[in-house]
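Right, one structure below, let's go through it.
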């Protein structure tokens, strides 16, 4: 082994020399040469430099983007625009085992509609939990437009922990948005429908169809929505759209815009004009202004009605008791955005060229004075548009969504038809700059742009069409997220990023250093419930038990074996695999896949998961670790043997293909001794330096120590069999001892290299 290590060192030195030589050779080609060869301009190179994150460095911001029809959330970094992860939410995701282990199946089951499994979603608007209006990085919410639902994602491990299905909505769009201390998660309907779960003909649309806004009560300490403390406000049968919550002076109110206030019901198949004709006749639609704190009081007083077991403030009560107000807004809007100071609300209408800036102070004064212009057909007070406005600005054709800069009074609005972003001043009401994007931009996202303290620096255009921007990959094109530099007076386009997962709609970005994700789980952890798993298994406690509901396998995973490696059952039995990852090392995830049973698991360090299968066909079913977890990952395998029903199990002696004698044992022991000498030298190097000042090294040392503990156990078994002169088992256990040593040495050498590269100091 010493020679092997020495050879590895020599190879490393050679590789370093080659790399150095390559660097010298490469440097002979100047930047000008590269630019000429690639056809790059100075502007191209500058843009590349602004987005480049060197090897080993990290992004400044982390983005959570909806995954559209994929039912997932996409995570990427800024400024690099590197995709970091897809989070399974409403859709099974095999890489993370989401929807394949029993723990995540239970989360997906929370999202059943009328008892049916719904294994897709149309994710639209993510939202990060806030404390005093600032992103705190604790949890992320995402809505499902197709099947009105809200999911809770824990940003400690980027896993979905809860799904709640809306009990009264038939469609939604205006979720998820949070109040300034995450008291509630807001979800608004899209298309009107009967709130009761029953058939109502469209001839009764005006009388029986309704919209609503739901306020989901959130317990930040537990990280869960509390349905029984949640409520909704019934609204007229307009098509409600996006929402936002008040901040500062407007805290306690929320705002939801709408379209199709014409209440048109379509019928193109009957020769009637389609929805798009009937829903765009009026010059204005209605911005809904809701006093959710007053609605909360009504619910607590027991005045709400129950619909499908859910508290609902009736429309007539909401109108009479000052819960809901309407104010005209530009037609067919798609965005309502409260300013960081909570004093203004900006709305843009897709069929208008203006962005409208509403003054909360003016609207609140009108409400307090009961100065209403009119009432809608349902008795809801309507505020006067001119009296509510601060200003209107002509920003372009097809304005959609607005995001706030860190600079005072500065905002950016996406212009769908013009395929542009407009930068403008909402205090003085003037346009500052315009930038073309590619193409047909939907939402915009600024760094922490929905919070009370936007960070500025960057803007992302979420474009609906890519067309000619990327390599053709068939008729279905990726979306194009374009990174824009907004640090100067003029916007500058930096980067095109294809997003090949669904149709992302909106995204939120948070400063990366705010996030504090786990490196590993507590040993034996159920990550979906955040509790110790009842099936957690310790090393040496692995077992197979037969119970009334089938065979239960309590197994463990660690580089590079699955224990037990052989499980035998009878045809027709249910098999419950309870698997615990014993690793404590960072990023040492193990997978578990088995042929023909639709099982693929991801078991991160410390996690315990359960997979249940029906052994309904006799045969041989190999299982293995799907992760490249070590040099011997291919040997991390086992067999599920399903014997035919009625066949008795036979205790047959297992015969190795290779026989070992005392000489083989002696040779292996010499290798182990040499290896231990290398380990001792590495340990000496590490312990003589201030390694405890480097968290990465501390983690590596903990992992190496674990491996050496396993090595000590294998060493004892080696000695026991050698004492019996059983050279076969003594040699095999000596080889296993050696495998643990190699893993420990590998980890130790990585720690040593890290200390050398980071100028660790010698200590006593």
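The values are calculated or read from the model by the stated rules, or taken from the named source; none is laboratory data. In this text, all values refer to a predicted model and were calculated from it rather than measured experimentally. Virtual Cβ from ideal backbone geometry, glycine too; neighbours counted across all protein chains shown.
Any residue at all in the range 633-656 that's outside any loop (DSSP other than H, G, I, E, B) and touching a helix residue (DSSP H, G or I) at 6+ places or on another chain (Cβ under 7 Å)? Full working, then the answer.
Residues of the range 633-656 outside any loop (DSSP other than H, G, I, E, B): 633-635, 637-643.
In the following step, the residues that additionally are touching a helix residue (DSSP H, G or I) at 6+ places or on another chain (Cβ under 7 Å) were identified as none.
No: the range 633-656 contains no residue that is outside any loop (DSSP other than H, G, I, E, B) and touching a helix residue (DSSP H, G or I) at 6+ places or on another chain (Cβ under 7 Å).
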Take residues that are in the same structural domain as residue 159 (by TED's automatic domain parsing) and in contact with a strand residue (DSSP E or B) (Cβ under 9 Å, 6 or more places away or on another chain) and tell me which of the strands (runs of 3 or more DSSP E) falling wholly in the range 507-559 contain 1 or more. 507-511
Members of the range 455-482 found to be in contact with a strand residue (DSSP E or B) (Cβ under 7 Å, 6 or more places away or on another chain), under 24 Å from residue 418 (Cβ atoms) and part of a loop (DSSP other than H, G, I, E, B), listed by number: 456, 464, 466, 469, 470, 478
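Determine whether residue 708 is in contact (Cβ under 8 Å) with a residue 12 or more places away in the chain, in contact with a strand residue (DSSP E or B) (Cβ under 7 Å, 6 or more places away or on another chain) and either part of a helix (DSSP H, G or I) or surrounded by 13 or more Cβ atoms within 10 Å (Cβ to Cβ) (or both). First the steps, then the outcome.
Details: in contact (Cβ under 8 Å) with a residue 12 or more places away in the chain: yes; in contact with a strand residue (DSSP E or B) (Cβ under 7 Å, 6 or more places away or on another chain): no; either part of a helix (DSSP H, G or I) or surrounded by 13 or more Cβ atoms within 10 Å (Cβ to Cβ) (or both): yes.
So residue 708 fails the test.
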Which numbered condition in (1) crowded, with 19+ Cβ neighbours inside 10 Å; (2) under 26 Å from the mean Cα position of the chain (by Cα); (3) assigned to a strand (DSSP E or B) is the only one that residue 562 fails? (2)
Can you tell me which condition residue 204 does not meet? The list is (1) assigned to a loop (DSSP other than H, G, I, E, B); (2) farther than 19 Å from residue 290 by Cα, and all the others hold. (1)
Only one of (1) at negative phi; (2) at pLDDT below 95 fails for residue 614. Which number is that? (2)
Complete set of residues in the range 744-758 that are part of a helix (DSSP H, G or I) and touching a residue at least 60 places away in the same chain (Cβ under 8 Å): 744, 745, 747, 748, 749, 751, 752, 754, 755
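Name every residue in the range 625-648 that is closer than 26 Å to residue 745 by Cβ and free of Cβ contacts under 8 Å to residues at least 40 places away in the same chain, in order of residue number. Break it down into steps so the answer makes sense when it comes.
Residues of the range 625-648 closer than 26 Å to residue 745 by Cβ: 625-637.
626, 627, 628, 634, listed by residue number.
For the structure I just gave you, tell me whether residue 241 is in contact (Cβ under 8 Å) with a residue 12 or more places away in the chain, assigned by TED's automatic domain parsing to the domain that holds residue 342 and over 22 Å from residue 321 (Cα atoms). Explain how you work it out, then say what you get.
Values: in contact (Cβ under 8 Å) with a residue 12 or more places away in the chain: yes; assigned by TED's automatic domain parsing to the domain that holds residue 342: yes; over 22 Å from residue 321 (Cα atoms): yes.
In short, yes.
What do you reckon, is residue 744 buried (at least 21 other Cβ atoms within 10 Å of the Cβ) and closer than 19 Å to residue 585 by Cβ?
Values: buried (at least 21 other Cβ atoms within 10 Å of the Cβ): yes; closer than 19 Å to residue 585 by Cβ: yes.
So residue 744 passes the test.
Of all strands (runs of 3 or more DSSP E) completely enclosed by the range 231-280, which ones contain at least 1 residues that are under 25 Å from residue 134 (Cβ atoms) and in contact with a strand residue (DSSP E or B) (Cβ under 8 Å, 6 or more places away or on another chain)?
On the way: elements: 231-235, 239-245, 253-259.
Per the criteria, 239-245, 253-259.
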Looking only at residues that are part of a helix (DSSP H, G or I) and surrounded by fewer than 15 Cβ atoms within 10 Å (Cβ to Cβ) in the range 720-736, which one is nearest to the chain's Cα centre (by Cα)? 720
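Being closer than 30 Å to residue 225 by Cα, touching a strand residue (DSSP E or B) at 6+ places or on another chain (Cβ under 6 Å) and either assigned by TED's automatic domain parsing to the domain that holds residue 738 or at pLDDT 95 or above (or both) is the requirement here; does residue 609 meet it?
Details: closer than 30 Å to residue 225 by Cα: yes; touching a strand residue (DSSP E or B) at 6+ places or on another chain (Cβ under 6 Å): yes; either assigned by TED's automatic domain parsing to the domain that holds residue 738 or at pLDDT 95 or above (or both): yes.
Answer is yes for this residue.
Can you report the number of residues in the range 316-335 which are under 22 Å from residue 227 (Cβ atoms) and either buried (at least 20 other Cβ atoms within 10 Å of the Cβ) or outside the structural domain of residue 349 (by TED's automatic domain parsing) (or both)?
As a first pass, look at the range 316-335 and keep what is under 22 Å from residue 227 (Cβ atoms): 317-318, 323.
Going one step further and asking which of them are either buried (at least 20 other Cβ atoms within 10 Å of the Cβ) or outside the structural domain of residue 349 (by TED's automatic domain parsing) (or both), we end up with 318, 323.
Within the range 316-335, residues that are under 22 Å from residue 227 (Cβ atoms) and either buried (at least 20 other Cβ atoms within 10 Å of the Cβ) or outside the structural domain of residue 349 (by TED's automatic domain parsing) (or both) number 2.
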If residue 446 meets every condition in (1) in a loop (DSSP other than H, G, I, E, B); (2) surrounded by 23 or more Cβ atoms within 10 Å (Cβ to Cβ) apart from one, which number is that one? (1)
Within the range 515-528, does at least one residue satisfy the condition of being surrounded by fewer than 21 Cβ atoms within 10 Å (Cβ to Cβ), in contact with a helix residue (DSSP H, G or I) (Cβ under 9 Å, 6 or more places away or on another chain), touching a residue at least 24 places away in the same chain (Cβ under 8 Å) and closer than 30 Å to residue 481 by Cβ? yes
List the pairs whose first member sits in the range 315-334 and is free of Cβ contacts under 8 Å to residues at least 24 places away in the same chain, whose second member is in a loop (DSSP other than H, G, I, E, B) and surrounded by fewer than 22 Cβ atoms within 10 Å (Cβ to Cβ), and whose Cβ atoms are under 7 Å apart, counting only residues at least 6 apart or on separate chains? 317/303
